[in-house]
Structures are given as structure tokens and as C-alpha cells.
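Everything on this sheet refers to the single structure shown next.
FYI, it's all coordinate maths here, none of it is from the lab. Treat the numbers as computed from the prediction; the structure is a model and nothing was measured. Note that we place each Cβ from the backbone using ideal geometry, even for glycine, and neighbour counts take in every protein chain shown.
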Amino acid sequence: MAKFVLNNASVTLNSVDLSDHVSSVTLDITADEIVTTAMGDTFQSRTGGLKDGTLSIEFQQDFASSEVDATLFPLLGTTTAFIVKADAGSTSATNPAYSGNVLVNQHLPVANGVGELATMSVAFPTSGTITRATS
């Protein structure tokens, strides 16, 4: 894939496409580091353990029906499906779709100062497997 500027990412939560209200998205997928060093070793050795993830999104707030607040507020305390793509175009080998579930464990409906754009930053932990689709 060629180098590109991220300006058309796709973010869907609970089957609602909120991409037009997203100014930043990060899907951070990690694996636990398990130390496997044994007696007699002279260097640390490691293997990967359980995987985990966090979906961080910076939203431009909107209280209208089917928009940011109306979508997220009812989900507080529940898990819901997500899909993230670097580009809103078709899913392909050069535009994979990452999907899974996140725990909606926070909601910040109002969090800005006077004269600022109304935004909401969230970081939802993933719950279960994250998949990568290329078709």
C-alpha cells in the first residue's frame, strides 16, 4: 500500500456510522509480555500472552437523533460492535476492516470550555477477539 494521508477513516459503533463526527481514531492492539527466562539463561526470553485492545476516538459532539450522544449514551455499561477502516471505501487487502466489540465504559457529553468546539474523547477497552477482514 502506498503512503497516504488519513482523512477519510470509517468508524461504526453499534451499526451507526459516526465517521462524519470523528476527528481522530486509534485502535491499539497489544499482547501481554510473558517472561519465559529460566535458570541458566543469560538473557531474558519472552513470549506473547493474551491480546487486548483499546479503541480511542475523538468525536465532535452532536445531540441529534442517531448521532454521537444519542448513539453512545444508551450503550453506557454495555458492549457493542465496532468497525474501523483507514478509508471509508470498500474493504480490501489495502483497506482492511478491523472489527470486534468494545465496552462503553465512559461518556463525556459536555467537556469543553467557552468558545471551543464541543468534542468528546473516549477510550473504550475491547472485549473479545478483534478480527481483520480484507474482503
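Here is how the number arises for the chain: DSSP H runs of 4 or more residues each give -39500 (n - 2.57), the sum is divided by the residue count, and the result at 222 nm is -500 deg cm²/dmol. Here the 3J(HN,Hα) profile of the range 14-26, calculated from phi with Karplus coefficients 6.51, -1.76 and 1.60 at θ = phi - 60°, is 6, 6, 10, 7, 9, 3, 6, 10, 9, 9, 7, 9, 9 Hz, Gly and Pro shown as x.
Remark: Lys3, Lys85, Lys51 ranked as Lys3, Lys51, Lys85, counting other beta-carbon atoms within 10 Å and listing the fewest first. If you take all other residues with their beta carbon under 14 Å from the beta carbon of Thr131, and give Lys and Arg +1 and Asp and Glu -1, the sum is +3. Over all other residues within a Cβ to Cβ distance under 11 Å of Ala118, the charged ones net out to -3, with Lys and Arg as +1 and Asp and Glu as -1.
Between amide H atoms placed 1.01 Å from N, distances below 5 Å from Asp87 occur with Ser10, all of them 5 or more places distant or on a separate chain.
Karplus-based coupling profile of the range 4-13, in residue order and whole Hz: 8, 9, 6, 9, 9, 5, 10, 10, 10, 10, with θ = phi - 60° in 6.51 cos²θ - 1.76 cosθ + 1.60 and x standing for Gly or Pro.
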